[in-house]
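So the structure is just underneath, and the comments pick up after that.
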Amino acid sequence: MFLAKRLAPGVGGAHPLSAQIFLRFGGYPKAMNVIIDAKFDPVPSLSQETEVLVSTTAPAEAAVAVFVNSCLESAGELAYSSAELAAAGFKGSKGETLIVPGTPARVLVGVGKGVKSAAAARNAVAAFTRAAAKYSELALPMQGITNEIGSAAAAQAATEGALLARYAYEALKTKKQLVQLTSLTLMPHECCCVDGIKRGVKRGQALARAAKLARDLGNTPPRHLGAEKLADVVAAFAPKFGLEVEVYDLAKIEQLGLGGLLGVNAGSAYEPRVIKLSYAPENPKANVSLVGKGIMYDSGGISLKPSDASHCSMKMDMMGAGAVVSAMTALQDLESEVAVTGWLMCTDNMPSGTATKLGDVLTMRSGKTVEVRNTDAEGRLVLADGIALAAEQDPRPDAIVDVATLTGAALMALGEETTALFANNDELAAQLAAAGEKADETTWRLPLDLRFKESMKSSVADITNLGPRAGGAITAALFLNEFVDGIAWGHLDIAGPMETDKNKLWKSEGSTGVAARTLAEFVSAFTKPQGDITGTELE
């Protein structure tokens with residue numbers, strides 16, 4: 001339960017429109033004292049680097065890829081005839097593999113009609129990496145994957161494919177099964193641009209590291225990674241990647257009047273955190289803000305989720321925040337010229353005697369009041385405060401993009417492979433879609449249909465946090481659009497592709513780390529969007 005105390009505008013740095021702090025009766029209840037190893041590392045991928053080499057010679061102990069098309073033709077050395085391969089049942093189909101014993105061991109990898117895109121190259125290398133799972137060293141002749149996409153793109157895709165396919169979350173297992181990939185050798189041929197390969201490797205390493213970091217964060221159990229722990233972990237590794245970190249504790253959050261974040265946190269035994277990240281290149285050509293939903297565990301609050309297996313996945317409800325911080329770790333290596341501010345809005349969402357109740361009204365950072373009609377529609381509440389903070393920056397951002405595991409409606413509409421994309425600006429939407437295509441993280445733009453706004457009106461507040469059952473992904477996006485203050489804004493709902501239940505090429509079981517690479521690609525290619533902004537005021 002909250003008690004609102006009004007302050008004079010501007011007192012103590014509080015927001016003049018919403019100078020409101022929230023006092024919990026009796027303070028935070030004491031959290032359960034559970035023994036967790038203080039040395040536990042929730043981001044093990046950062047200490048598991050793979051050396052990526054460019055050399056014409058494969059290491060003696062490496063498994064070597066041989067890319068074979070559906071005509072059973074290879075661009076490199078092939079010790080067996082087409083008839084022999086056919087007799088062995090190998091057809092050269094996409095993703096098909098056959099290990100040929102010997103020294104070095106060779107792995108035949110089918111590429112169908114050939115590698116004609118970066119996505120195809122990434123998939124082919126991922127198939128090779130999984131087939132060669134027992135080998136700690138891998139070698140890739142580039143001849144089979146560069147012809148139609150170029151050296152730099154092929155090297156980036158190959159690096160990503162190998163590093164991401166050789167990922168498994170084993171931080172809490174007593175017996176590790178994953179063979180760490182210690183080296184990956186890319187072997188150029190006479191038509192390759194070696195400098196291009198090296199550029200591609202650098203990009204691929206940065207982007208793969210970002211995705212693996214996001215996977216680590218998404219896979220870590222909630223008791224091992226709460227909001228406070230995440231803030232400590234990010235503060236420790238961020239400076240290595242050229243990022244400045246500022247953490248807002250409970251007192252600061254109260255002072256800022258972040259009513260949405262405080263309302264979601266009301267039932268928790270743990271304090272919330274806002275983690276502000278800054279990437280500031282010299283003479284930036286643009287300024288972008290990224291806002292990530294960081295619900296460290298989502299029970300649904302008073303609107304408790306059904307008791308089924310989905311509860312185990314709710315540790316991943318912070319993957320929006322994970323994607324933002326992970327993407328930002330790549331910006332320095334990508335030599336991005338765009339200034340970026342990241343806002344990670346972090347808490348868990350729990351039922352208790354102090355939890356926000358259905359019918360309660362929250363005063364947001366922007367000053368808008370929100371009637372809570374469902375406490376499981378909590379992600380939009382914390383994002384709205386983050387978007388408001390981003391919109392207040394000086395200078396104002398050229399664009400705001402939020403990312404969140406936001407709605408089951410997006411999952412039902414688009415399935416488990418596609419991110420729902422919303423935007424109030426067509427040019428910004430196009431840039432986000434292009435970044436997703438480059439990362440091979442599919443997006444599909446859904447309409448920001450203003451006709452739904454009528455259903456979000458409240459009789460006791462400015463707006464509700466829940467629209468009708470139909471169109472739930474749209475009404476969630478429309479809610480967020482109310483807080484962007486006329487700035488170009490995009491929204492990525494990653495509820496569908498946030499996890500996979502089995503290994504699929506370069507995606508590994510568990511958290512997919514989705515959107516980390518998309519956001520990094522988006523920022524590195526960002527240009528200031530032009531054109532109209534879709535209306536944001538509720539009439």
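For the range 267-391, what's the radius of gyration and Dmax over Cα atoms, in angstrom?
16.4, 52
Arrange the peptides 334-340, 422-428, 186-192 so that the one whose residues have, on average, the most other Cβ atoms within 10 Å appears first.
Values: 334-340: 19.9, 422-428: 22.9, 186-192: 17.3.
Output ranking for 334-340, 422-428, 186-192: 422-428, 334-340, 186-192.
Which aspartates and glutamates, if any, have their Cα less than 18 Å from the Cα of Lys116, not counting same-chain residues under 8 positions apart?
Glu73, Glu96, Glu148, Glu160, Glu437, Asp440, Glu441
For the range 42-145, what are the per-bin percents of Cα-Cα distances with bins 10 Å wide, up to the bin holding the maximum?
Each 10 Å bin holds this share of Cα pairs: 15, 47, 29, 7, 2, 0.
Apply the Karplus parameterisation 6.51 cos²θ - 1.76 cosθ + 1.60, with θ equal to phi minus 60°, to every residue of the range 316-326 and state each ³J(HN,Hα) to the nearest whole Hz, in sequence, with x for glycine and proline.
For the range 316-326, the Karplus curve yields 8, 6, 9, 5, x, 4, x, 5, 5, 5, 5 Hz.
What is the P(r) of the range 379-508, as percent of Cα-Cα pairs per 10 Å bin from 0?
12, 42, 33, 11, 2, 0
Using packing as a proxy for protection, rank 98-107, 460-469, 314-323 so that the peptide with the highest average count of other Cβ atoms within 10 Å comes first. The partial results should precede the final answer.
Details: 98-107: 14.8, 460-469: 17.5, 314-323: 29.6.
Those peptides, ordered most packed to least, come out 314-323, 460-469, 98-107.
Relative to the longest principal Cα axis of the chain, at what angle does helix 118-131 sit, 0 to 90 degrees, rounded to 10?
That works out to roughly 70 degrees.
Going through the range 144-190, which trypsin sites (Lys or Arg not before Pro) have at most 12 other Cβ atoms within 10 Å and a DSSP loop state?
Details: sites: Arg166, Lys173, Lys175, Lys176; in loops: Arg166, Lys173, Lys175, Lys176.
Sparse-neighbourhood loop trypsin sites (Lys or Arg not before Pro): Lys173, Lys175, Lys176.
Which residue, Leu381, Met345, Leu334, has the largest displacement toward the positive end of the dipole of the range 327-391 when charges sit on each Cβ (Lys, Arg +1; Asp, Glu -1)?
Result: Leu381, furthest along the dipole toward the positive end.
Where the only charges are on Cβ atoms (+1 Lys, Arg; -1 Asp, Glu), what is the dipole of the chain about its Cα centre, to the nearest 20 debye?
Working: 51 positive and 60 negative charges, 194 e Å.
I would put it at about 940 debye.
Order the following by accessible area, largest value first: Glu499, Glu454, Glu482. Probe radius 1.4 Å; ligands, DNA and RNA are ignored. Write out the running numbers ahead of the final one.
Working: Glu499 60, Glu454 120, Glu482 15 Å².
These residues rank, largest area first, as Glu454, Glu499, Glu482.
Around Arg373, which amide H atoms from residues at least 5 apart in sequence, or from another chain, sit under 5 Å from its own amide H, with H modelled in the peptide plane?
Those lying under 5 Å, H to H, from Arg373 are Gly359, Asn465, Leu466.
Angle, helix 151-165 long axis vs. longest principal axis of the chain, Cα atoms, 0 to 90°, nearest 10?
70
From the residues Ala429, Leu448, Gly415, which one has its Cα farthest along the dipole of the range 412-461 in the positive direction, the dipole being from +1 and -1 charges on Cβ of Lys/Arg and Asp/Glu about the Cα centre?
Among Ala429, Leu448, Gly415, the one farthest towards the positive end of the dipole of the range 412-461 is Leu448.
Over the chain, with every protein chain in place, what whole percent of the accessible area is carbon and sulfur at 1.4 Å, could you tell me?
Working: 11480 of 21890 Å².
Within the chain, the accessible surface is 52 percent carbon and sulfur.
Using the Cα atoms of the range 100-233 to build a convex hull, what is its mean projected area in square nanometres?
Details: hull surface 39.8 nm².
Projected over every direction and averaged, the Cα hull of the range 100-233 covers 9.9 nm².
If you project the alpha carbons of the chain onto their three principal axes, what span does each projection cover, largest first, in Å?
Principal extents (Cα only, largest first): 80, 54, 45 Å.
Taking the Cα centre of the range 309-362 as origin, work out the dipole magnitude from +1 charges on Lys and Arg Cβ and -1 charges on Asp and Glu Cβ, in debye rounded to 20. Numbers along the way, then the final one.
On the way: 2 positive and 6 negative charges, 69 e Å.
Using only the charged Cβ atoms, the result is roughly 340 debye.
Given a Förster distance of 51 Å, report the FRET efficiency between Thr56 and Ala269 from their Cβ-Cβ distance, rounded to the nearest 0.05. Kindly include the intermediate steps, with their values, before the conclusion.
Values: r = 59 Å, r/R0 = 1.15.
Calculated transfer efficiency: 0.30.
So how tilted is helix 472-481 from the main axis of the chain? Cα-based, degrees 0 to 90, rounded to 10.
Roughly 70 degrees, rounded to the nearest 10.
Which of the lysines could a cross-linker bridge to Lys368, judged by Cα under 20 Å and excluding same-chain residues fewer than eight apart?
Excluding near neighbours in sequence, the set is Lys5, Lys252, Lys293, Lys357, Lys453, Lys457.
Where does the Debye-calculated log10 I(q)/I(0) of the range 73-114 sit at q = 0.34 Å⁻¹, using only Cα point scatterers of equal weight, no solvent?
After summing over all Cα pairs, the log10 values are -1.43.
Give me the number: length gained by fully extending Glu148 to Thr527, i.e. 0.36 nm times residue separation minus the C-alpha to C-alpha distance, one decimal in nm. The partial results should precede the final answer.
Numbers: separation 379, 0.36 × 379 = 136.44 nm, distance 2.74 nm.
Additional length available on full extension: 133.7 nm.
Over the chain, what is the percentage of antiparallel beta bridges among all DSSP beta bridges, to the nearest 5?
On the way: 32 of 74 bridges.
If I count the DSSP bridges inside the chain, around 45 percent turn out antiparallel.
Along the three principal axes, how long is the range 175-301 when you take its alpha carbons, biggest first, rounded to the nearest angstrom?
63, 49, 24
Please report the spacing between the Cα centers of the range 466-488 and the range 295-311 in Å, no decimals.
So the two Cα centres are separated by 22 Å.
So what does Phe67 come to for accessible area, using a 1.4 Å probe and Å² rounded to 10?
The accessible area comes out at roughly 10 Å².
Please sort 52-64, 256-268 by packing, taking for each peptide the average over its residues of neighbouring beta carbons within 10 angstrom, highest first. Mind dumping the intermediate values first?
Values: 52-64: 16.5, 256-268: 28.1.
So the order, starting with the most tightly packed, is 256-268, 52-64.
Would you work out which of Leu262, Pro239, Leu172 lies farthest towards the positive end of the dipole of the range 145-281? Charges go on Cβ: Lys and Arg +1, Asp and Glu -1.
In the range 145-281, that residue is Leu172.
Just to be sure I understand the model, the point goes 7 Å from the Cα along the line to the Cβ. What's the resulting Thr369 to Arg451 distance in nm?
In this crude label model, Thr369 to Arg451 measures out at 3.1 nm.
Just add up the charged neighbours of Gly496: K/R +1, D/E -1, any other residue whose Cβ is under 10 Å from the Cβ of Gly496.
For residues surrounding Gly496, the net value is -4.
For the range 448-514, what does the equivalent ellipsoid look like in terms of its semi-axes, each the square root of 5 times an eigenvalue of the Cα gyration tensor, given largest first in whole Å?
Details: eigenvalues 206, 40, 18 Å².
They are 32, 14, 9 Å, listed from largest to smallest.
Please give the charge dipole size of the range 88-155, origin at the Cα centre, charges +1 on K and R Cβ atoms and -1 on D and E Cβ atoms. Round to the nearest 20 debye. Walk me through the numbers before you get to the answer.
Details: 8 positive and 3 negative charges, 37 e Å.
With Lys and Arg at +1 and Asp and Glu at -1, about 180 debye.
Over the heavy atoms of Cys312, what accessible area does a 1.4 Å probe trace out, to the nearest 10 Å²?
My reading of the accessible area for Cys312 is about 100 Å².
Suppose R0 equals 41 Å. What FRET efficiency, 1/(1 + (r/R0)^6) with r the Cβ-Cβ distance, do Lys173 and Glu84 give to the nearest 0.05?
Numbers: r = 41 Å, r/R0 = 0.99.
The pair Lys173/Glu84 has a calculated efficiency of 0.50.
The values are calculated or read from the model by the stated rules, or taken from the named source; none is laboratory data. All values reported here derive from a predicted model rather than from experimental measurement. Every residue, glycine among them, receives a Cβ derived from its backbone with ideal geometry; neighbour counts consider all protein chains shown. For the accessible areas, the whole protein counts, side chains as well, though only heavy atoms, and no ligand, DNA or RNA atoms are used. Shrake-Rupley method; radii C 1.70, N 1.55, O 1.52, S 1.80 Å.
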